[in-house]
Amino acid sequence: MSEALHQSDSLQAWIPRGLLELSHQHRVPACTLEGLTPVQLHWHEGVLDDVRPLDEDQSSPEQVVLPRFVDAHVHLDKAFTWQDHPNLLGTYEGALKANLVEHQSRSTEVVLSRGERALQQAFGCGLRAVRSHIDSGGPGAESSWEALQVLQRRWRGRLGLQLVALAPLAFWMSAEAESMAERLSTCGGLLGGVLDPSMSGPDVDQQLKALLRLADRHGLAVDLHIDEADHAPAQGVKQLLRALQISPVAVPITCSHASSLALLPQAALQRLGERMMSANLQVIALPLTNAWLLERRSDITPLKRPQAPIRQLQRSGVRVAVAGDNVADPWFPCGDFDPLSLMASAIPLTQLLPWQRLGLAPFTTAAAGVLGLPWDGVLRRGAPADLMAVKGTSWSDVLRRSSSRRVLVQGQWLPSTFATT
Ligand SMILES: [Zn+2]
């Protein structure tokens, strides 16, 4: 019988203590200095039915196991468009210009093809869910939505796909806003938009309030590209907080990027973090694209690197996830929908320590929380048997060898053809 047909199986592995929950009958297990605990996992019909610590005199595992990850912010509709639409100056303005040209040439087939390629890669690398923004409100919007909704149905049960309508804020006051909200209601989608320093004043306030009212009326969550900038610190988040004071909503609101918050003085940042916490805002940090685009000048290497102030926001109690953002499109020429590669790249930029609970959460439990997924990613009895296994015994092994892993989906190992190359 082939491995894929086994309904029950087990493995021994090192598991981060912060992603492990043991039954009360088990003793508190020993762990390495990096917080890795030797554990035996057993699963049956796609569910973990036994999670127990290994005794110290039992064999030492030769692999590190993590739950399948979540990427809380991607752009499937424009993935892999760099080659035809490069942004050779690497500027924000250049990316937007190339993106708008690319948008004109979209067809359902084209978006379907690159979205499928992206999801194959994401699935094989160990992702279980992604949230993708879709350029909406322009000529390529309808074909992009058709393609992404096909992909959402096609991948259901293997990889969850949340869709966000990334539209100019003015769109949410237009005649099409209501029908878009209805479409989002049918597919569990979110309202989105961009709030950057070029946008302020009474018009934008009205647009923002219209978006919030529409979201609340339909019970739809919101995810905004906000303060993706290296100037005008936190202007967008402050504007959003003011709008929420006037038009409070019950739906979850996510601030993607939040980069310019890092330019606030410490005390002001703390006060803002507390206001964000009170307003129940959550944040998705996107350090790779921020490092690529922001503070770019033609003749200098930037020394200031604005990115979401993750630790400071966490201290205020704000939930923060780290996500990938763009992959091989005008906004970012790199990326590959690989969560371990993202982690290896993001750690030096953010200085998050994966052996600390709050260092690991943005890649795991917080990302699942931002998406409102039923499983937080903690390995416990009754959790899905959805794992990534990397050969090694330390975090250093995981991050250095991140290109090679086995992926378990609902208790079955993916064939090696899915493995990342
Ligand atoms: Zn984005």
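Listing for the model above:
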quantity: C-alpha center-to-center spacing [segment 16-33, segment 319-398] in angstrom; calculated: 20
quantity: Low-density loop cleavage sites - GluC sites (Glu not before Pro) in segment 140-197, where at most 12 other Cβ are within 10 Å (DSSP); calculated: none
quantity: Rel. contact order, % - alpha carbon contacts under 8 angstrom, at least six apart, segment 177-334; calculated: 20
quantity: Rounded accessible area per residue of segment 170-239, 1.4 Å, Å²; calculated: 38
quantity: Tail beyond 18 Å, pair distance distribution of segment 260-309 (Cα, percent); calculated: 42
quantity: Segment 277-317-segment 234-260 distance, computed between alpha-carbon centres (Å); calculated: 16
quantity: Radius of gyration, Dmax [the chain; alpha carbons; angstrom]; calculated: 21.4, 69
quantity: Whole-angstrom Cα spans of segment 1-134 along principal axes, big to small; calculated: 62, 40, 25
quantity: Counted charge near A323, where neighbours are those whose Cβ lies closer than 12 Å (Asp, Glu -1; Lys, Arg +1); calculated: -2
quantity: Debye, to nearest 20: dipole size of segment 175-283, +1 on Lys, Arg Cβ, -1 on Asp, Glu Cβ; calculated: 360
quantity: Which of F171, P415, Q152, positive extreme of dipole for the chain (C-beta unit charges); calculated: F171
quantity: Value of relative contact order over the chain, rounded to a whole percent, pairs C-alpha under 8 Å and six or more apart; calculated: 23
quantity: Binned Cα-Cα distances of segment 217-307, short to long, each 5 Å bin given as a whole percent; calculated: 3, 14, 23, 23, 16, 10, 6, 3, 1, 0
quantity: Total charge dipole magnitude, segment 69-370, about the Cα centre, Cβ charges on Lys, Arg, Asp, Glu only, Debye to nearest 20; calculated: 1000
quantity: Helix-only mean residue ellipticity at 222 nm for the chain, each DSSP H run of n ≥ 4 adding -39500 (n - 2.57), per residue, nearest 500; calculated: -10000 deg cm²/dmol
quantity: Assigned charges on the beta-carbon of Lys, Arg, Asp, Glu; segment 70-179 dipole about Cα centre (debye); calculated: 540
quantity: Listed residues I134, I246, I347, I300 arranged by accessible area, highest first, probe 1.4 Å; calculated: I246, I300, I347, I134
quantity: Sequence of S298, S278 from largest to smallest accessible area, 1.4 Å probe; calculated: S298, S278
quantity: Positive-end residue, the chain charge dipole about Cα centroid, Cβ charges, pick of A268, L244, A229; calculated: A268
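The values are calculated or read from the model by the stated rules, or taken from the named source; none is laboratory data. None of the values given here were measured: they were computed from a predicted structure. When we count neighbours, we look across all protein chains shown, and the Cβ atoms used for this are built from the backbone with ideal geometry, even at glycine. Remember, those area values only see protein heavy atoms, side chains included, never the ligands or the DNA or RNA. Shrake-Rupley method; radii C 1.70, N 1.55, O 1.52, S 1.80 Å.
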